Amino acid sequence: MNTFSGALEFIVDRRELLLDKTLEHLVLSGAALAVALLIAVPVGVFLGHLHRGSFLAINLANVGRALPSLAVIALGLGFLGFGFTNVLVALVILAVPPILTNAYVAVDGVEAEAVEAARGMGMTPWQILRRVELPLALPLLFAGIRTSAVYVVASATLAAIAGGGGLGEILFNQASYRVEGLVGAALVVSALAFAADLALGGVQRALTPRGMRGRVSALEADVTRAGTA
Amino acid sequence: MTDGPVIPDFGKASSCVAENRLFCPDWVRDNWGSVLQPAVVQHVKLTVIAVAVGFVIAFAAALLAHRHGRFERPFSVFSALVYTIPGIALFQLLVPFTGLSILTVEVALVGYTLLIIFRNVLEGLRSAPPEVLEAARGMGLTRRQTLLRVELPLALPAIVAGLRVATVSTIALATIAAFVVPEGLGRPIFAALRDYFKTEIIAAGVLAILLAIAADVLLVLAQRALTPWASARRLA
């Protein structure tokens, strides 16, 4: 318990350091997530819309989940050297698979009847995508983004070994910050991951069409199965 | 091997190694048996032990929670709390209790598997359709028989899926453990990161990735072999 109160003291006493490192951590995670979104959402949605490439979309998730984050960051170091860019690339590689797969599964899984009805109403493929498939796919798509966000925030602690900054600098340096600093920084990382999940969950709920609320958890369960089939 | 300079306490290094070029196959060849292969074996051992112990604990807890719903929440909350602790932190925090030993690594790795396996087993056990349970009761099966002959077989895909996720994430976390206890594939990774020796970074990193993918593929195959009815349904 002494360690724990020491950690809280550390958080209070070294709040400027922690704030600095937290900001670095957030910038790095946010940038990685943003780039991953720009890549994975269009590709996943497009493939899902065409009902093509299920092999790629599903297996990418499995391989992506299997990638050890330390190995990916280490490889980035070997190829790209120290610094922000290397870590950013590594985190993007880790963030893309869950988003892409969920985007694909979400759009691909929109009920054929709904799409058929939209087509019968004279909607163009673009309108079908924007007004039928995307709204229905949103909850599941967001579930993927949440998974990715939590994973990126946690993995970003490893950025410190590659000169990418962030809260990992404290976690990897027990010699300077002692066990209190270690626990304090660990608490902040956990809180960040938790907050990211909560915030995105809020966005997810807000974006879910009213008629579909309450079905979200069932849908989430579906994708785990689809992803692991 | 003979064309390069001699590095003290190391012996001869090829010019590729001495210049730290991106990837030197000769270093991998010369150090496979002494560095890389033992690390792979060690890594597999760490992972198998952690997943096996984690499975026993989480499976028992899931059975208990399935039978008595009130046990679900405490175990769920506990395992979720453990799961949110950053890996590097947990490995270091355990050292005062379990020392700089394999035990430290295993305790942490087991802790991380609990949530995934527990959730999957429990969800699998609960996935038996009510009609099926009704039919089992109608046939006069006891509670235990229903569990062994109906619920567990139906839960098998979810259980193996959980084992898959637990195994690949354990392989990943075990590399991080080497920061604290130099064991497994993380050992050459961290050693090479300290010296910024690219060949070893890439070789060990690629090995860790290959190991994770190989484990994933193996478990998919196991899943198919264990649940032939699932693939039959997929074909239908």
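The values are calculated or read from the model by the stated rules, or taken from the named source; none is laboratory data. Everything numeric here is computed off the predicted structure, so don't read it as measured data. Please note: Cβ atoms are built from the backbone with ideal geometry, for glycine as well, and neighbour counts cover all protein chains shown. All accessible areas refer to the heavy atoms of the entire protein, side chains included, with ligands and DNA or RNA removed. Shrake-Rupley method; radii C 1.70, N 1.55, O 1.52, S 1.80 Å.
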So if I take the centroid of the Cα atoms in the stretch A:1-35 and the same for the stretch B:116-164, what is the distance between those two points in Å?
43 Å
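Based on the Cβ-Cβ distance of A:A112 and B:H68, what FRET efficiency does E = 1/(1 + (r/R0)^6) give at R0 = 45 Å, to the nearest 0.05?
0.60
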With labels modelled as points extended 7 Å from the Cα through the Cβ direction, what inter-label distance (nm, one decimal) is found for A:R210 paired with A:R15?
4.2 nm
B:W229 and B:S101 label points (each 7 Å along its Cα→Cβ direction) are spaced in nm at 4.6 nm
Label point distance in nm, B:A52-B:I213, each placed 7 Å from Cα along Cα→Cβ
2.8 nm
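What is the sum of charges, Lys and Arg at +1 and Asp and Glu at -1, for the other residues whose Cβ falls under 15 Å from the Cβ of A:A117? Walk me through the numbers on the way to the answer.
Working: positive: A:R119, A:R131; negative: A:E111, A:E113, A:E116, A:E133.
My count for the surroundings of A:A117 gives -2.
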Report, by chain and number, residues whose modeled amide H sits under 5 Å from the one on B:C24, excluding near sequence neighbours (fewer than 5 apart, same chain).
B:T199
For A:S176 and A:L56 in the same chain, what is the full-extension length gain: residue separation times 0.36 nm, less their Cα-Cα distance, in nm?
38.6 nm
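Please list A:I128, A:I93 from largest to smallest accessible area, probe radius 1.4 Å, with all protein chains kept in place.
Working: A:I128 5, A:I93 80 Å².
Ranked from most to least accessible, the order is A:I93, A:I128.
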Accessible surface of B:Y83 in the full protein assembly, 1.4 angstrom probe, to the nearest 10 Å²?
110 Å²
With a 1.4 Å probe, how much accessible area is buried between chains A and B, both sides summed, in Å² to the nearest hundred?
2800 Å²
Regarding the protein assembly as shown, what is the average projected area of its C-alpha convex hull, in nm²?
26.1 nm²
What residue among A:A36, A:A137, A:A112 shows peak mean-square fluctuation when chain A is described by a Gaussian network model with Cα springs under 10 Å?
A:A112
Compute a Gaussian network model of chain A, connecting alpha carbons closer than 10 Å, and tell me which residue from A:S69, A:S155, A:S176 fluctuates the most.
A:S176
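Treating only the Cβ of Lys, Arg, Asp and Glu as charged (+1, +1, -1, -1), what charge dipole size does the stretch A:2-226 show about its Cα centre? Round to the nearest 20 debye.
Numbers: 15 positive and 15 negative charges, 90 e Å.
Value, rounded to 20: 440 debye.
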Rounded to two decimals, the Rg over Rh value of the stretch A:2-226 from Cα coordinates and the Kirkwood Rh reads 1.06
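Over the protein assembly as shown, give the accessible area per residue in Å² for a 1.4 Å probe, as an integer.
Numbers: 22270 Å² over 465 residues.
On a per-residue basis, the protein assembly as shown sits at 48 Å².
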Of B:K45, A:K21, B:K198, which has the most accessible area with a 1.4 Å probe, and how do the rest follow in descending order?
B:K45, B:K198, A:K21
R0 = 41 Å: FRET efficiency of A:M123 with B:L81, Cβ-based, nearest 0.05?
0.30
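Hey, with R₀ at 30 Å, roughly what FRET efficiency would B:A18 and B:V41 work out to, going by the Cβ-Cβ distance, to 0.05?
On the way: r = 29 Å, r/R0 = 0.97.
The pair B:A18/B:V41 has a calculated efficiency of 0.55.
Quick check: net charge around B:G162, other residues with Cβ under 9 Å of its Cβ, Lys/Arg +1 and Asp/Glu -1?
Values: positive: B:R119, B:R164; negative: B:E123.
Net charge around B:G162: +1.
Over chain A, what is the relative contact order in whole percent, taking alpha-carbon pairs under 8 Å and six or more residues apart? Could you put the intermediate results ahead of the total?
Values: 307 pairs, mean separation 66.1, N = 229.
This gives 29 percent for chain A.
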